[in-house]
Each structure stands twice: as C-alpha cells, then as structure tokens.
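Engineer: This is the structure, below, for whatever I ask next.
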Amino acid sequence: MTTERSLVLVKPDGFARGLTGEVLRRIEAKGYRLAALAVTTPDTDRLHRHYAEHEGKPFFEPLVAFMSSGPVAAVVIEGERCIEGFRALAGATDPTAALPGTIRGDLGRDWGEKVQKNIVHGSDSPESAEREIGIWFPEL
Ligand code: RTP
Ligand code: MG
C-alpha cells in the first residue's frame, strides 16, 4: 500500500469560527499524520493557481475573493489512502446536503451567500495533491 499525502485547507469561514482544532482532531482521530501546518492569508495569485481547474466558472471569482478574505490553516496530511479518506471525512461540497458525521454535515450550513462556505478543502486525486502541496508548501 502506498502512503499518500493530501493538501487540506481550513477555509476562512472554518478558521474564523474557531474550527481548526476540531478539523485537526478529526484528521488525527482517523489516524492520519500531520506533515506540515501553516496559517496564512493567501493572495489571489496563489488562489488562481490553486483553483485553476475552476477558472471561468461562475463561482470562480467569488470563491477567490472569499478564500483571500482572511487566514486559512494549510495542512499536509499523510497516510494510506488519505486523499479519499479525508474527502469522506469532509462530506459533500454542499454543507446542507453533506451527511451528519462529516465535517461539513456536522458543522456547516448554507449562509445564503454566493459561494458555498464549506469549512474545508481536500485534494481530490494524487496528481492534485502533489500540485497543491507545491503551491502551499514549495519547500516540501
Ligand atoms: P474543495 O475543492 O474545496 O475541497 O471542494 P470540492 O472538491 O467539494 O468542490 P469543488 O467542486 O472543487 O469546488 C471548489 C469550491 O468552490 C466552492 N463552490 N461554490 N455553486 C457554488 O456556489 C459553488 N460551487 C463550488 C465551494 O467552496 C467548493 O468547495
Ligand atoms: Mg475540489
């Protein structure tokens, strides 16, 4: 079995609500290791690179504005199949539809805003994970 790495973000909504510890607790309780951790307010250049796959979609600019609106916690996690495993911990993109038991299902809701504020980001494939880790932690 190959150990994977994934890039997790506690987004500005989750960070401002003081949910970083709760997200890290769930990651560690699941058995994944924390390999890197940083708090930063990302600039739009970094976010354009991070969300390149969404460029041109109607939610792209509001998403970049939201993500640059305050500090985030950027985390590299490690473990067997942790990319899929963290996506399962996070739950569905829409926090209203996300199942209870997941981070978004337990802690998220619709706030009636343009962008879905859904607390966390997690890489969606090994290729995305390595690309995203390079954007947030170029030294790794
Ligand atoms: P993420 O990348 O943040 O882990 O979330 P995801 O894979 O579940 O969702 P994705 O499709 O990659 O979308 C990235 C983020 O954009 C925001 N979004 N808003 N229609 C909308 O209002 C909408 N669609 C997407 C969400 O914050 C989503 O996590
Ligand atoms: Mg995504």
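Derivation of every value follows stated rules applied to the coordinates shown; laboratory data play no part. Quick caveat, the model's predicted, so the values are computed rather than measured. Neighbour counts are summed over all protein chains in view; Cβ atoms, including those assigned to glycine, are modelled from backbone coordinates with ideal geometry.
Engineer: Considering only segment 56-73, I want to know if a residue exists there that is more than 13 Å from ligand 2 (Cβ to nearest atom), surrounded by 14 or more Cβ atoms within 10 Å (Cβ to Cβ) and within 14 Å of Val8 (Cβ to Cβ).
Structural biologist: yes
Engineer: From the residues in segment 90-108 that are crowded, with 22+ Cβ neighbours inside 10 Å and closer than 13 Å to Gly122 by Cβ, which one is nearest to ligand 1 (Cβ to nearest atom)?
Structural biologist: Top of the filtered list is Ala90.
Engineer: Say whether the condition of being assigned to a loop (DSSP other than H, G, I, E, B), over 13 Å from the mean Cα position of the chain (by Cα) and touching a residue at least 12 places away in the same chain (Cβ under 8 Å) is met by at least one residue in segment 128-136. Write out each step before concluding.
Structural biologist: Of all residues in segment 128-136, those assigned to a loop (DSSP other than H, G, I, E, B) come to none.
No.
Engineer: If you don't mind, there's one more thing I want to ask. Please go through segment 41-62 and give me each residue that is within 12 Å of ligand 1 (Cβ to nearest atom), without any contact (Cβ under 8 Å) to a residue 40 or more places away in the chain, out of contact with any helix residue (DSSP H, G or I) (no Cβ under 8 Å at 6 or more places or on another chain) and outside any helix (DSSP H, G or I), ordered by number.
Structural biologist: Across segment 41-62, the qualifying residues are Lys57, Pro58.
Engineer: I would also like to ask the following. Name the residues in segment 18-39 that are touching a residue at least 60 places away in the same chain (Cβ under 8 Å) and either over 16 Å from Gly70 (Cα atoms) or not hydrophobic (A, V, I, L, M, F, W, C) (or both), would you?
Structural biologist: Taking segment 18-39 first, the residues touching a residue at least 60 places away in the same chain (Cβ under 8 Å) are 19, 22-23, 26-27, 35-36, 38.
Within segment 18-39, Glu22, Val23, Arg26, Ile27, Ala35, Ala36 meet the criteria.
Engineer: Hey, can you tell me all the residues within segment 9-40 that are part of a helix (DSSP H, G or I), of a type in the set (Val, Ile, Thr) and over 20 Å from Ser125 (Cβ atoms)?
Structural biologist: Scanning segment 9-40 gives Thr20, Val23.
Engineer: Moving on to the next point. Looking at (1) within 14 Å of ligand 2 (Cβ to nearest atom); (2) over 23 Å from Val39 (Cα atoms), which is the one condition that is false for Trp111?
Structural biologist: Answer for Trp111: the failing condition is (1).
Engineer: Any residue at all in segment 71-84 that is over 17 Å from Tyr32 (Cα atoms) and not hydrophobic (A, V, I, L, M, F, W, C)? Steps first, answer last, please.
Structural biologist: Applying the first criterion (over 17 Å from Tyr32 (Cα atoms)) to segment 71-84 yields 71-72.
Pick out the ones that are also not hydrophobic (A, V, I, L, M, F, W, C) and you get 71.
Yes, segment 71-84 contains a residue that is over 17 Å from Tyr32 (Cα atoms) and not hydrophobic (A, V, I, L, M, F, W, C).
Engineer: Go over the candidates Thr44, Thr20 one by one and state the one that is of a type in the set (Ser, Thr, Tyr) and exposed (fewer than 14 other Cβ atoms within 10 Å of the Cβ).
Structural biologist: On the way: Thr20 fails: exposed (fewer than 14 other Cβ atoms within 10 Å of the Cβ).
The conditions single out Thr44.
Engineer: I would also like to ask the following. For Leu140, all conditions in the list (1) away from ligand 2 (no atom under 15 Å from the Cβ); (2) surrounded by fewer than 17 Cβ atoms within 10 Å (Cβ to Cβ); (3) under 20 Å from Glu22 (Cα atoms); (4) among the aliphatic types (A, V, I, L, M) hold save one; what is the number of the exception?
Structural biologist: Every listed condition holds for Leu140 apart from (3).
Engineer: Taking segment 109-132 as the search range and keeping residues that are surrounded by fewer than 20 Cβ atoms within 10 Å (Cβ to Cβ) and more than 24 Å from Ala16 (Cβ to Cβ), which one is nearest to ligand 1 (Cβ to nearest atom)?
Structural biologist: Among them, the one singled out is Asp124.
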